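One structure is given below, encoded as structure tokens.
The values are calculated or read from the model by the stated rules, or taken from the named source; none is laboratory data. Keep in mind that what you see is a predicted model, and the values were worked out from it rather than measured. Positions of Cβ are backbone-derived with ideal geometry, glycine not excepted, and every protein chain shown enters the neighbour counts.
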Amino acid sequence: MRYPTRPTPGSAGTSLRRALRSRAGISFMYGVLALGALLVLGLIFLQCGLNSAKWSYSHYRDLQAMSLAEAAIDRANWMMQASADGESNINSQLAVTAAQAASGVVRTFNSPAWTMPSGAYSFVAKAPHKGVAGTVEIRGLGIAKNGNREELMVVVRPETTDPDDITGVPAACFRYAMFSDHNFTVSGNPSVLSHNELGGAGIYANGNINFNGASSVIHGPISATGTISGTTTQVPADAGRYQHVDRVPMPEVNVAWYRSHADLVYVGNKVKFNSGHDASIGTYADPKIIFVDGSAEISGQFKGVGTMFATRGIKVTGNCTYADPDSSWAFVTTGAFTVAGTAQIHGLVYAHNATGTAEFIGHGTPNIFGGVVADLITLTGSYTTEWDGQAAKIEALPGTTYPSGPPVIETVLWERI
């Protein structure tokens with residue numbers, strides 16, 4: 001028979017001490033692990049901080065190079081309009097007519113390198129950009145002290161603000177075959193073609209452009225202060241779509257000026273002009289001004305050269321044609337300009353008022369040899385515009401207020417290369 005043994009004196013205390021030692025060891029191990037974890041986290045945070053500082057410093061150096069490249073672009077813009085502070089105007093070295101652009105002529109200006117405390121910058125200006133007359137491509141290069149390089153490319157249009165300067169078409173809005181001061185929806189099957197060397201055949205909108213027709217053909221660039229959506233055929237294929245460009249203003253119409261300078265004044269609605277009027281109304285050597293206090297309707301072979309102004313709108317109906325190729329008109333109205341049927345119009349259409357509601361409305365299959373500039377444009381059917389610089393020459397539009405000051409540099413494209 002076995003009997004329970006008596007516990008050895010002090011054995012319970014020994015077990016307790018061992019238990020305490022075991023717990024202390026576990027706590028010590030946990031402490032070591034926690035300290036190790038903290039050290040690892042500290043190293044991770046330190047590495048992140050070092051990487052962030054390194055990235056920030058590298059980013060700062062990149063910003064230095066970018067700032068220098070932007071300085072090069074600014075210098076080029078200045079040299080396209082400056083004649084003081086020791087700078088020379090470089091426009092003459094970049095001058096290319098539309099005919100020359102179409103034949104592939106390209107002119108280039110290489111700037112010297114300018115030095116700054118943070119580095120150096122220079123630019124190369126080339127005209128035209130992708131064969132589009134009136135545009136200049138500028139590539140600005142910035143090189144920071146540390147060797148970082150940044151290059152920017154912008155495409156600009158140097159604009160004239162002098163209404164008597166016909167080397168280009170006065171005021172930027174007159175350089176487009178179709179210009180809308182608001183959103184422009186292109187419906188139907190319109191064609192915008194180029195007719196001669198004094199202008200391109202591009203379209204422009206102070207807003208969005210939406211191609212909503214079955215097919216359209218645009219011979220030239222498409223520009224909008226907003227977005228461009230839908231599909232169309234462009235000639236050449238790389239003519240360019242330029243979104244978010246600078247806004248182009250329309251000159252304001254001075255109604256009182258037209259009335260006081262008119263050669264012929266009519267009062268009433270639906271004042272008719274037709275074959276009964278002939279070229280004696282005006283010639284290129286002696287253009288006339290017709291003022292209609294009301295609305296005008298044109299039909300038949302209405303011939304002559306000059307400016308017709310109507311306060312309440314102009315309507316062209318029927319087969320209005322020009323047998324005389326020397327006929328050309330600038331049609332100006334603060335109302336709506338409506339054209340329908342198979343009408344052929346040689347000249348410029350300008351529809352604008354203070355509220356921005358003067359509209360050009362095209363129905364049927366009309367042809368306009370000239371250009372259309374309006375607050376709003378509505379097109380249906382197979383409409384054709386052939387940009388004609390000769391027609392647009394009477395378009396200096398007397399009685400309109402042009403911006404004053406130095407030439408405006410309109411930016412149409414900005415890219416980081």
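Specify the residue that is surrounded by the most Cβ atoms within 10 Å (Cβ to Cβ); the eligible residues are those in the range 128-153 that are in a strand (DSSP E or B) and of a type in the set (Lys, Arg).
So in the range 128-153, the residues in a strand (DSSP E or B) come out as 129, 132, 136-144, 149-153.
So of that shortlist, the ones also of a type in the set (Lys, Arg) come out as 139, 149.
Values: ARG139: 19, ARG149: 14.
Per the stated criteria, the residue is ARG139.
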- Task: May I ask you to verify whether GLU70 is of a type in the set (D, E, K, R), at pLDDT 80 or above and outside any helix (DSSP H, G or I)?
- Result: no
- Message: Suppose we keep only residues that are under 19 Å from LYS315 (Cα atoms) and assigned to a loop (DSSP other than H, G, I, E, B) within the range 261-288. Which one would you say is modelled with the lowest pLDDT?
- Response: ASP278
- If you take the residues of the range 196-210 that are closer than 20 Å to GLY362 by Cα and surrounded by 20 or more Cβ atoms within 10 Å (Cβ to Cβ), which of them is modelled with the lowest pLDDT? ALA201
- Enumerate the strands (runs of 3 or more DSSP E) found wholly within the range 336-384, keeping only those where 2 or more residues are free of Cβ contacts under 8 Å to residues at least 40 places away in the same chain. 337-339, 344-351, 359-362, 367-374
- Message: I'd like to check something: does the range 233-241 contain any residue that is modelled with pLDDT of 85 or more and not assigned by TED's automatic domain parsing to the domain that holds ALA99?
- Response: no
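Each row is one residue, and each column tells you yes or no for (1) touching a strand residue (DSSP E or B) at 6+ places or on another chain (Cβ under 7 Å); (2) at pLDDT below 55; (3) at positive phi.
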| site | (1), (2), (3) |
| --- | --- |
| HIS352 | yes, no, no |
| PHE369 | yes, no, no |
| LEU379 | yes, no, no |
| TYR383 | yes, no, no |
| ALA396 | no, yes, no |
| GLY399 | yes, no, yes |
| SER404 | no, yes, no |
| TRP414 | yes, no, no |
| ILE417 | yes, no, no |
- Query: Among the candidates VAL156, VAL124, which residue alone is of a type in the set (Val, Ile, Thr), at pLDDT below 85 and not in a loop (DSSP other than H, G, I, E, B)?
  - Reply: VAL156
